[in-house]
Amino acid sequence: MRFFVEIIAEKLHGELQGNPKRIIENVAPVEKAGEKDITFLADPKFLEAAKNSKAACILAPDTAKQELASFQNCVIYVKNPRYAFMLLLREAEKAMRPVYPVGIDKLAAVSPNAIIGHRAHIGPGCTVESGAEIGANAIIEAGSYIGHNVKIGARTRICPGVKIMNNCQIGSDCILFPGAVIGSDGFGYVFNNGVHEKIPQIGKVIIGDKVEIGANTCIDRAAMETTYIGDGTKIDNLVHIAHNVQIGRNCIILAHTTIAGSVTIEDYSTLSGQCCIADHVKIGKGATLMGRTGVLSDVKPGELLCGHFARPRTEAFKIEALLGKLPEMRKELIKIRKQLEKICPEEKKLIETENRKPPMPPNPIQAPEK
Amino acid sequence: MRFFVEIIAEKLHGELQGNPKRIIENVAPVEKAGEKDITFLADPKFLEAAKNSKAACILAPDTAKQELASFQNCVIYVKNPRYAFMLLLREAEKAMRPVYPVGIDKLAAVSPNAIIGHRAHIGPGCTVESGAEIGANAIIEAGSYIGHNVKIGARTRICPGVKIMNNCQIGSDCILFPGAVIGSDGFGYVFNNGVHEKIPQIGKVIIGDKVEIGANTCIDRAAMETTYIGDGTKIDNLVHIAHNVQIGRNCIILAHTTIAGSVTIEDYSTLSGQCCIADHVKIGKGATLMGRTGVLSDVKPGELLCGHFARPRTEAFKIEALLGKLPEMRKELIKIRKQLEKICPEEKKLIETENRKPPMPPNPIQAPEK
Amino acid sequence: MRFFVEIIAEKLHGELQGNPKRIIENVAPVEKAGEKDITFLADPKFLEAAKNSKAACILAPDTAKQELASFQNCVIYVKNPRYAFMLLLREAEKAMRPVYPVGIDKLAAVSPNAIIGHRAHIGPGCTVESGAEIGANAIIEAGSYIGHNVKIGARTRICPGVKIMNNCQIGSDCILFPGAVIGSDGFGYVFNNGVHEKIPQIGKVIIGDKVEIGANTCIDRAAMETTYIGDGTKIDNLVHIAHNVQIGRNCIILAHTTIAGSVTIEDYSTLSGQCCIADHVKIGKGATLMGRTGVLSDVKPGELLCGHFARPRTEAFKIEALLGKLPEMRKELIKIRKQLEKICPEEKKLIETENRKPPMPPNPIQAPEK
């Protein structure tokens, strides 16, 4: 990108201090920004760093006017510098974005029975099957597969090597990152005569608007009906979503999370990396699972869980701390036992007698020791 | 699909009640079935739902004849409605299946030294290398890669974007879902002169008949010999199977499971999601690992294990319950210690003396507290 | 491959015993080697197996001359048979390697603004975008995507179906295995007005020399700067590396490991399978994480950690052993409590009084039991 700071100030509705014709070519964090970079100051603890920055321009909060009054280069004062910076990143991203030629590449295989929307791009190596409908301004990048009767909404971007299987539907303004697989068969078998017979998976996947699906993430089609991902939900790389899962709106699901069949996840839930949700479980609205939480039963709305077997976070952390004291606790127990015997020798005799019977089978207290 | 119910009754060897010319166009669960749908009643607890269903037809057990005698639409009585329904799903699936044109797409790159079986389909964007053999009626969907000397059995379906590397063999009647990678190099290095030198991986992968491999699952080639997957084994999405692993017949391996090098898994084992098996371990016949079980040593046939470090399920669940009581246990211990000191003040003195020596290094009981 | 043993002995600088014109066609482990195979003896415990082997030739240590003096076929004596064998595997691998035709396949889509190095191979179905630079002798296998301005070093091999997104850089002598995705967007959103707004990810990925990236592994581009993988680092299949991660040289990262945003991993670290590293954590030089270790805070150089929440290995294993004794510990506690009450009945009374107050809310000791 290449902008005068005055243009940026205008776009961000900010107040400019310094030379309006200063040129900005890039964005950078405050400590690394150089003389053609713009940066931002969000956290007051970086104020000193900002003052000493070599940045061509700093996006700063209105409240920092005094402190930055003598900054050597430009400052743009805005209400929320972090958010303003994000808007700026969006401009930078647009400037860097390649131009996707409108129309169908000569090395794409597009069925005559597919409908390609206005100004859509179909890259080389793509296959678009019969009955598929690609929305206006959609971008289907190189090597993607769009199955029979698949519908893709307007402005949705399908990155290279994405596979969308028959009958699935993707909303508008989505991004499917490279290698994502939508609508592969659900994992359903019935055990009969000593073998696992496949239960046909004839349902589909429906994905709402403004959804993002990470690289190499897999979302399976339902057995009969629909695996559903609600509007605005963002899914990271390498996530597994099994058949018949229902995910609400504006959820966040991080990398390597495993969601088993028929799970329901309500709006605004957050699942961190490597979580594992057992089948048919319901995750209530706005619940948060910390990294690698294992969930075997329903989670209430707003709960914050953690652990190999999920527990409320404070409980899980307390237990984790106490695990470190287990060796001490065991030693203490043995010591107490000995003292008790010393105080009260007849108790010892009693215990010994107790322990002698029944001599067989072994004392059940010992059993779980393995 | 579009069938008269009498045709369905005949296919399923069932007894028809109601209008034989009623038309069925779809399948649906009992509570959602509409006037063109067929559904099934397996669990008696859904009997009332079935009676009130709007389904055009219900597959019901012979034992339900009396209760459904007055059902408004059709009923087909069979021995096992769930299984009959699955057979019906299979018909529905066939009816929905796209027709794959026989032969090689003009946008596929097929070596003249490859052998393409009778009525096989090679989709657009596929590459089939020299020496490859594709079985009769096999389907190689768009954008797949079939390496040098790869053999693929009859009727096997390779979904879009699958990569099968040189010398690997896939049996008959398999399905490899989109993005699966077969025969990538095993992860083998020798540390020498401060760097990890690659140990060449010159083995291969052999996959039996009726195997299914999930989307984006990776099965690595052996270092020298063969990574093997037995007949009838079904593998879910995003599974990692390392070099030299030997998997028996009719196993079930769920999503995100990690199987390290040279592991042996015997027939009929079940590995749930996110399991992690250390290298060279043997999982005995018919063993079951619950979700995210970590296995460091051999598992006996038929065992049912669970936990971050695998334990028998009942033991693991008992420990998990007791973890919730750890805070209480610790408080109890401290209380007992105090009482003991009260009962026996000279004991306290003794303990204090004990604790004083050795004053350095710190009491080893404390050491693991971190 | 097909060599006289004398050729092999010469290549390995070994001392040959037996017929120099014996022909070797394959490599095999000692117990399976047949009359055209070469094998090796590294561990003295296989000496008997070696003596009885049918191998055409054994690579043996200089120290085994006496024991193998009467071996029926050939022996090549070397200093380090395991390493010599690896060199031999490398020869075998070269002999098996397919010839990749130099130049651009007619079914590849290569931008006229891309630079293709001397003797590079661009396979069918590949897309190489404008501004890309492919190094000399690089191999871009079928169906790969090379984005705008991507740089790929000399002799690097890009396996089928790899996707490298705009502006990323790959060093020389790397291997990217099938389905790997480099430079997909980092997972960054800001929550605003009830929705997750995308933070544009305008950084890139830089990968050093001699790096290997496993099948279907995903490495995300940085938000603004660079996600970095150092020279000689080897990454297994299905690994997730988030935006802004910095990985040093000669690290080992095993399958299904999840590395969150802005993590730093110093040189020579080893992360086993299914590890999970929280964002912004630093893993010190030469640290080792055992399988599925969860890391929430910095790891010191050389540390060896283990567990759902990482602890030093010895501590983690001790705790794990004690978990098996938890049921016993709890029973013991209850028994001690009873004995204490028997010894000192007035204590019991005291405890009962204590427990009665406060009667409401419930005893906080009980609270975390759930």
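What the table shows:
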{"quantity": "Gyration tensor (alpha-carbon) shape descriptor, chain C, a/c threshold 1.5", "calculated": "oblate"}
{"quantity": "B:Lys106 versus C:Met96: modelled label distance in nm, points set 7 Å from Cα along the beta carbon direction", "calculated": "3.9"}
{"quantity": "Cross-link reach list, aspartates and glutamates versus A:Lys300, counting only Cα pairs under 19 Å and skipping chain neighbours closer than eight places", "calculated": "A:Glu266, A:Asp267, A:Asp279, A:Glu315, C:Glu369"}
{"quantity": "Pair A:Ile23, B:Glu31: separation of 7 Å Cα→Cβ label points (nm)", "calculated": "6.6"}
{"quantity": "About the Cα centre, charge dipole magnitude for chain C (Lys/Arg +1, Asp/Glu -1 at Cβ), debye", "calculated": "760"}
{"quantity": "Sulfur and carbon atoms: percent of accessible area, the stretch C:143-237 [1.4 Å]", "calculated": "48"}
{"quantity": "For chain B, built as a Gaussian network whose Cα springs stay under 10 Å, the top-fluctuating residue of B:Pro160, B:Pro327, B:Pro112", "calculated": "B:Pro327"}
{"quantity": "Cα gyration tensor shape of the stretch B:76-226, rounded if a/c is under 1.5, else prolate or oblate by comparing a/b with b/c", "calculated": "oblate"}
{"quantity": "5 angstrom amide H check on A:Thr226, placed H, neighbours 5+ away", "calculated": "A:Lys204"}
{"quantity": "Integer Hz, Karplus 6.51/-1.76/1.60 couplings in order for the stretch A:190-198, x for Gly and Pro", "calculated": "10, 7, 8, 6, x, 10, 8, 8, 5"}
{"quantity": "Interface burial for B against C (accessible surface, 1.4 Å probe, total of both chains, Å², rounded to 100)", "calculated": "6200"}
{"quantity": "Rounded to 5, percent antiparallel among DSSP beta bridges of the stretch B:3-96", "calculated": "35"}
{"quantity": "Per-residue ³J(HN,Hα) for the stretch C:249-254, Karplus 6.51 cos²θ - 1.76 cosθ + 1.60, θ = phi - 60°, Hz, x for Gly and Pro", "calculated": "8, 6, 8, 10, 10, 8"}
{"quantity": "Long-range HN-HN contacts of B:Arg311 with modeled amide H, under 5 Å", "calculated": "B:Cys306"}
{"quantity": "Magnitude of the charge dipole, the stretch B:101-179, Cβ model with Lys/Arg +1 and Asp/Glu -1, debye to 20", "calculated": "80"}
{"quantity": "Cα→Cβ-extended label distance, 7 Å offset, between B:Lys300 and A:Lys45, nm", "calculated": "5.5"}
{"quantity": "Unit charges on C-beta of K, R, D, E only; dipole of the stretch B:180-309, Debye", "calculated": "100"}
{"quantity": "Chain B: relative contact order in percent, alpha carbon pairs under 8 Å with at least 6 residues between", "calculated": "6"}
{"quantity": "Set A:Lys11/A:Lys51; B:Lys325/C:Lys335; A:Lys210/C:Lys106; A:Lys204/B:Lys106; C:Lys151/C:Lys282 screened for pairs whose C-alpha atoms are more than 26 Å apart", "calculated": "A:Lys210/C:Lys106; A:Lys204/B:Lys106; C:Lys151/C:Lys282"}
{"quantity": "Most positive-pole-ward Cα, C:Leu296, B:Ile146, A:Ile152, against dipole of the protein assembly as shown from beta carbon charges", "calculated": "C:Leu296"}
{"quantity": "Residues of the protein assembly as shown: accessible area per residue with a 1.4 Å probe, Å²", "calculated": "42"}
{"quantity": "HN-Hα J in Hz across the stretch A:69-77 - Karplus 6.51, -1.76, 1.60, θ = phi - 60°, x for Gly and Pro", "calculated": "4, 9, 4, 5, 9, 8, 9, 10, 8"}
{"quantity": "Unit charges at the beta carbon, dipole of the protein assembly as shown: most positive-side option, C:Ala132, C:His240, C:Asn26", "calculated": "C:His240"}
{"quantity": "For B:Tyr189, distant residues with modelled amide H under 5 Å away", "calculated": "B:Ile199"}
{"quantity": "Chain C: angle of helix C:81-96 to the longest principal axis, Cα-based, in degrees nearest 10", "calculated": "60"}
{"quantity": "Relative contact order of the stretch A:85-179, pairs being alpha-carbon contacts under 8 Å that are 6 or more residues apart, as %", "calculated": "19"}
{"quantity": "Crossing angle, helix B:345-356 versus chain B [Cα axis fit, 0-90 degrees, rounded to tens]", "calculated": "80"}
{"quantity": "Shape call, the stretch C:12-145: gyration tensor on alpha carbons, a/c limit 1.5", "calculated": "prolate"}
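The values are calculated or read from the model by the stated rules, or taken from the named source; none is laboratory data. Please read all numbers here as calculations on a predicted model, not as lab measurements. So basically every Cβ, Gly included, is an ideal-geometry build from the backbone, and we count neighbours across all protein chains shown. What goes into the accessible areas is simple: the full protein's heavy atoms, side chains included, and nothing from ligands, DNA or RNA. Shrake-Rupley method; radii C 1.70, N 1.55, O 1.52, S 1.80 Å.
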